[in-house]
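J.: Please read through the structure below; I'll follow up with questions.
The values are calculated or read from the model by the stated rules, or taken from the named source; none is laboratory data. Note that the structure is a prediction, hence the values are computed from the model and not measured. Note: ideal-geometry Cβ built from the backbone for every residue, glycine included; neighbour counts use all protein chains shown. Protein only, heavy atoms only, side chains kept; ligands, DNA and RNA dropped before computing areas. Shrake-Rupley method; radii C 1.70, N 1.55, O 1.52, S 1.80 Å.
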Amino acid sequence: MNVTNQFDVSELSFEDFKHIVLNDYRICYESRQTSLLGRKEVLTGKAKFGIFGDGKEVAQVAMAKAFKKGDWRSGYYRDQTFMFATGMATITEFFSQLYANTNVEEEPFSGGRQMNAHFSTRILNEDGTWKNQTEMKMTSADISTTGGQMARLVGLAQASKLYRENSELSFLKDFSVNGNEVAFGTIGNGSTSEGVFFEAINAAGVLQVPLAISIWDDSYAISVPQKYQTTKQDISEVLRGFQRDEKGEGFEIFKVRGWDYPGLCETYEKAINICREKHIPVMIHVWEMTQPQGHSSSGSHERYKSQERLNWEAEYDCLLQMRNWVLESAVATEDELVEIESEAKRYVKECQKAAWDAFHRVLIQEAKEVAVLLEAFQLDQFNKLAATLKTNAEVTRTDVFVAIRKAVRYLAKDQSEAKQNLLSWYKRNLDLNKERYNSKLFTNSIESPLAVPVVAAEYSDDAKLIDGREILNACFDENFTRDARILAFGEDVGSIGDVNQGFAGLQAKHGKIRVADTGIRESTIIGQGIGLALRGLRPIAEIQYVDYLLYALYVVSDDLACLSYRTKGGQKSPLIIRTRGHRLEGIWHSGSPMSVILGSMRGIHICVPRNMTQAAGLYNTLLRGDEPAIVIENLNGYRLKERLPLNAGEFTVPLGVAEVIKAGTDITVVSYG
Ligand SMILES: Cc1ncc(C[n+]2csc(CCOP(=O)(O)OP(=O)(O)O)c2C)c(N)n1
Ligand SMILES: [Mg+2]
């Protein structure tokens with residue numbers, strides 16, 4: 001039989017039921033072996049750092065049963081079992097990332113750029129265009145900042161609501177099937193102390209979107225116990241006010257033990273059904289979890305956990321509890337389990353070895369090539385360098401490059417062919433390293449805004465002079481009419497059309513679903529945008545004044561700016577952030593923190609137009625491209641008079657090209673904003 005992960009077992013024969021349970025146990029056991037072996041690999045020096053999902057396995061196989069094609073995960077570094085169980089990662093890929101393999105065929109999450117257990121799904125084709133998301137299971141690219149997954153989770157969930165409720169989007173067949181997709185979030189108990197957690201929970205409750213957040217509660221955040229983290233030491237208890245009831249909409253909240261396999265399966269089935277069908281957000285607080293190996297490879301938990309706690313963790317280890325349950329309910333015998341376990345150990349070892357060999361083969365080859373080039377000089381000290389490269393069983397790329405640099409320093413005056421050969425190898429490999437380590441800051445795809453044709457603004461002879469804000473208004477109106485994927489939201493954007501009237505009248509014309517008000521919550525306004533853009537929509541997320549960007553800066557910098565880079569072109573999120581500033585009349589509402597922006601947003605186009613016509617041209621370019629950008633409009637420009645172009649929604653202003661208003665011979669004046 002093929003079914004391995006369904007919930008409803010009532011119709012199944014005992015054999016089929018047993019098959020499902022044992023398959024779950026096998027996945028959990030393999031995952032545990034991966035954690036144990038992974039830690040060893042770090043401690044013996046083959047990897048720099050490791051963080052693992054031991055103690056969280058059983059809940060994750062239960063959650064994986066509810067996860068379908070089209071669904072999204074936005075989680076954190078504990079989710080390896082979920083990734084294995086859903087098929088979004090293999091154990092070999094997991095080890096490839098541990099070793100920092102730069103080949104995306106072998107390490108598809110980040111091409112060796114991220115720490116281990118930082119997952120993502122490659123949702124783009126080679127040319128940077130979208131794959132069909134309805135046929136895939138997807139994880140949005142993890143980041144290390146705890147809580148950082150929460151902001152985008154709101155947008156990933158909201159996209160389902162938009163796809164279900166806005167019939168104009170039905171042509172986007174590759175992104176949704178009637179909005180049936182659930183956005184699964186995961187977060188550690190400690191990280192629920194972050195502001196963005198509360199902000200995201202509130203936003204999801206207001207929006208009523210299919211978001212399913214699982215809290216993996218192991219009572220600790222590294223060494224800090226629950227009592228310093230959470231009021232009443234119980235996150236679902238303190239969030240009880242979010243429970244939906246006769247007074248209004250809200251969350252459906254569940255609490256279940258992390259070692260209770262049948263309880264977890266039942267809970268996830270129930271929770272995700274409500275979430276998927278009715279778009280009700282759900283929270284699953286999984287408590288009594290453990291951490292058998294401690295937080296990460298960087299420390300030992302014996303330092304801060306009491307003996308009593310350690311004893312409890314050993315007894316309530318979810319793997320052991322699941323094993324006991326299997327035996328007590330006579331699903332399988334001791335011998336059957338032992339067989340699964342020894343086969344799992346063998347299999348994980350095989351995966352680890354395959355990953356190491358694939359990673360290391362390339363380095364051995366490089367070391368050999370350079371050794372041959374060095375031996376060509378027939379110098380004693382070069383022969384020694386070559387011998388070290390050839391005999392070092394764990395040779396690294398750094399070893400190879402250090403050897404070359406040493407040799408080249410020694411050869412300062414040498415003109416030989418051998419030196420030329422060495423240098424040309426060096427240059428060739430520096431280029432390869434650029435691709436390995438520095439590529440894909442932007443999508444560089446065929447849809448890049450840099451490839452958008454330049455179209456000049458056209459004016460009639462009697463072009464009206466109107467307020468700058470009206471130029472923007474005409475630009476947005478035309479773009480909204482042209483492209484149903486575009487939507488805008490932010491504080492005061494909906495009903496009054498933003499504080500400076502750029503969207504005035506556009507909610508009435510294009511609908512509340514496309515021009516919308518939000519709460520005062522900058523981090524999740526940006527997160528909303530990131531998630532929506534990942535799912536094929538074209539959001540314009542508004543930050544009311546550029547001064548308030550700081551309340552969202554960590555989401556912009558940690559998540560949006562580096563998305564293309566940290567996935568090596570595996571994901572993109574063409575979000576446009578709209579904001580305004582530069583009036584310089586006081587501390588807030590008129591600032592111009594350009595150094596903050598320049599220093600924190602590599603990977604985002606920064607557009608600072610001098611008037612609203614330039615702003616409109618930039619929006620026209622950006623809305624036709626696929627890369628993220630921020631546009632900072634000039635507060636003093638909204639009521640200055642400008643001529644309305646005939647093609648207000650069509651003309652484009654190219655990115656990265658300075659506008660020359662008047663060329664001079666002695667002096668050229670440049671400005672921005
Ligand atoms: C914003 C941020 N602050 C601090 C850290 C350092 N840090 C990494 S993991 C961690 C503890 C997280 O604990 P919890 O959320 O309970 O997850 P667990 O590791 O226990 O599963 C901390 C403080 C971080 N990565 N990001
Ligand atoms: Mg924890």
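J.: Quote the Stokes-Einstein diffusion coefficient, in whole µm² s⁻¹, for segment 141-264, based on the Kirkwood radius over alpha carbon pairs, a temperature of 20 °C and a viscosity of 1.002 mPa s.
T.: Details: Rh = 15.9 Å.
Taking Rh from Cα pairs, D becomes 135 µm²/s.
J.: For segment 185-248, rounded, prolate or oblate, judged on the Cα gyration tensor with a ≥ b ≥ c (square roots of eigenvalues), a/c < 1.5 rounded, else prolate if a/b > b/c? Mind dumping the intermediate values first?
T.: Values: a/c = 2.42, a/b = 1.76, b/c = 1.38.
Prolate, since a/c reaches 1.5 and a/b exceeds b/c.
J.: List the residues whose amide H sits under 5 Å from the amide H of Leu124, counting only those 5 or more places along or on another chain, with H placed 1.01 Å from N in the peptide plane.
T.: Lys131
J.: If you don't mind, another one. Could you state the principal axis extents of the C-alpha atoms in segment 272-413, from the largest down, to the nearest angstrom?
T.: Between the extreme Cα coordinates on each principal axis of segment 272-413 lie 76, 42, 42 Å.
J.: Continuing with the same structure: Go through Trp588, Trp356, Trp325 and list them by solvent-accessible area, largest first, probe radius 1.4 Å.
T.: Working: Trp588 155, Trp356 35, Trp325 65 Å².
Ranked from most to least accessible, the order is Trp588, Trp325, Trp356.
J.: In sequence order, what are the phi-derived ³J(HN,Hα) couplings for segment 413-428 according to the Karplus relation 6.51 cos²θ - 1.76 cosθ + 1.60 with θ = phi - 60°, rounded to whole Hz, with x for glycine and proline?
T.: Once θ is set to phi - 60°, the couplings for segment 413-428 become 9, 6, 10, 5, 5, 4, 5, 4, 4, 5, 5, 6, 4, 4, 5, 4 Hz.
J.: Please work out the average accessible area per residue across segment 97-216, using the 1.4 Å probe convention, and give it in Å². Please list the in-between numbers first.
T.: Details: 3500 Å² over 120 residues.
Averaged over the residues of segment 97-216, the accessible area is 29 Å².
J.: Ignoring solvent entirely, what values of log10 I(q)/I(0) come out of the Debye formula for segment 414-569 at 0.10, 0.12, 0.13 Å⁻¹ when each Cα is a single scatterer?
T.: Each listed q corresponds, in turn, to -0.54, -0.69, -0.77.
J.: Here is a follow-up. Below 8 Å between Cα atoms, with a sequence gap of 6+, how large is the relative contact order for the chain in percent?
T.: Numbers: 1335 pairs, mean separation 96.4, N = 673.
Value for the chain: 14 percent.
J.: At a probe radius of 1.4 Å, what is the per-residue accessible area of Lys65, in Å² to the nearest 10?
T.: About 20 Å², ignoring ligands and nucleic acids.
J.: Taking amide H positions as placed 1.01 Å from N in the peptide plane, with prolines and chain starts having none, which residues 5 or more places from Thr186, or on another chain, fall under 5 Å of its amide H?
T.: When sequence neighbours closer than 5 places are left aside, the close amide H contacts are Ser74, Gly75, Tyr76, Ser214.
J.: In whole Å, what are the extents of segment 398-479 along the principal axes defined by its C-alpha atoms, from largest to smallest?
T.: 73, 24, 22
J.: For a distance above 13 Å, tell me the whole-number percent of Cα pairs in segment 60-100 that qualify. All intermediate terms of the calculation are to be shown ahead of the outcome.
T.: On the way: 445 of 820 pairs.
Roughly 54 percent, once rounded to a whole number.
J.: Using a 1.4 Å probe on the protein chains only, how many percent of the accessible area of segment 364-427 belongs to carbon and sulfur?
T.: Numbers: 2080 of 3900 Å².
Summing carbon and sulfur atoms, their accessible area is 53 percent of the total for segment 364-427.
J.: Here's another thing I want to ask about it. For segment 526-639, I need the span (max minus min coordinate) of the C-alpha atoms along each principal axis, in Å, sorted largest to smallest.
T.: 42, 27, 20
J.: Would you mind working out the magnitude of the charge dipole of segment 591-673 relative to its Cα centre, with +1 at each Lys and Arg C-beta and -1 at each Asp and Glu C-beta, to the nearest 20 Debye? Before the final figure, lay out the partial values.
T.: On the way: 7 positive and 7 negative charges, 44 e Å.
Once rounded to the nearest 20, the dipole reads 220 debye.
J.: When the Kirkwood radius is taken over all Cα pairs of the chain, what Stokes-Einstein diffusion coefficient follows at 4 °C and 1.567 mPa s, in µm²/s?
T.: Numbers: Rh = 27.3 Å.
Translational D for this selection: 47 µm²/s.
J.: Could I ask something else about it? Which of rounded, prolate or oblate describes segment 454-497 when judged by the alpha-carbon gyration tensor and an a/c cut-off of 1.5? Intermediate values should be presented prior to the final figure.
T.: On the way: a/c = 3.09, a/b = 1.53, b/c = 2.02.
Cα axes put segment 454-497 in the oblate bin.
J.: If you count the DSSP beta bridges with both ends in the chain, what percent of them are antiparallel, to the nearest 5?
T.: Antiparallel bridges make up about 15 percent of those DSSP assigns within the chain.
J.: Further question: Translational D (Stokes-Einstein, µm²/s) of segment 6-139 at 10 °C and 1.306 mPa s when Rh comes from the Kirkwood sum over C-alpha pairs?
T.: The diffusion coefficient I find is 101 µm²/s.
J.: In whole Hz, with x marking every Gly and Pro, tabulate ³J(HN,Hα) for segment 229-242 from phi via Karplus 6.51 cos²θ - 1.76 cosθ + 1.60, θ = phi - 60°.
T.: Whole-Hz 3J(HN,Hα) from phi for segment 229-242: 9, 10, 4, 6, 6, 8, 5, 6, 5, 6, 8, 4, x, 7.
J.: If you find the alpha carbon centre of segment 541-618 and of segment 131-163, how far apart are they in angstrom?
T.: So the separation of the two Cα centres works out to 21 Å.
J.: Over 18 Å between C-alpha atoms is what I'm after, so list which of Lys65/Lys161; Lys161/Lys512; Lys40/Lys349; Lys247/Lys270; Lys384/Lys427 land there.
T.: Pairs exceeding the cut-off: Lys65/Lys161; Lys247/Lys270; Lys384/Lys427.
J.: Kindly identify segment 486-590 as rounded, prolate or oblate by the Cα gyration tensor criterion: order the square roots of the eigenvalues as a ≥ b ≥ c, call it rounded if a/c is under 1.5, otherwise compare a/b with b/c, prolate if a/b is larger, else oblate. Please report the intermediate quantities before stating the final value.
T.: Working: a/c = 2.46, a/b = 1.22, b/c = 2.01.
Taking the square roots of the gyration eigenvalues as a ≥ b ≥ c, segment 486-590 is oblate.
J.: In terms of modelled amide H atoms, which long-range or inter-chain residues lie less than 5 Å from the amide H of His285?
T.: The answer is Ile215, Phe254, Lys255, Val256.
J.: Sticking with this structure for a sec: Over all Cα pairs of segment 205-317, how is the pair count split among 10 Å bins, expressed in % and running from 0 up to the last occupied bin?
T.: Pairs per bin, as whole percents: 13, 38, 30, 16, 3.
J.: In addition: Above 18 angstrom, tally the Cα pairs of segment 159-211 and express them as a % of all pairs, no decimals. All intermediate terms of the calculation are to be shown ahead of the outcome.
T.: Numbers: 607 of 1378 pairs.
Counting every Cα pair in segment 159-211, those more than 18 Å apart make up 44 percent.
J.: Roughly how far apart, in whole Å, are the Cα centres of segment 433-488 and segment 91-121?
T.: 35
J.: So, one more: Would you please state the base-10 log of I(q)/I(0) at q = 0.23, 0.28 1/Å for segment 80-133, with intensities from the Debye formula using one equal scatterer on every alpha carbon?
T.: Log-scaled intensity ratios, in q order: -0.85, -1.07.
J.: With all protein chains present, how much of the accessible area of segment 201-302 (probe radius 1.4 Å) comes from carbon and sulfur, to the nearest whole percent? Could you put the intermediate results ahead of the total?
T.: On the way: 1990 of 4310 Å².
About 46 percent, which is the carbon plus sulfur part of the accessible surface.
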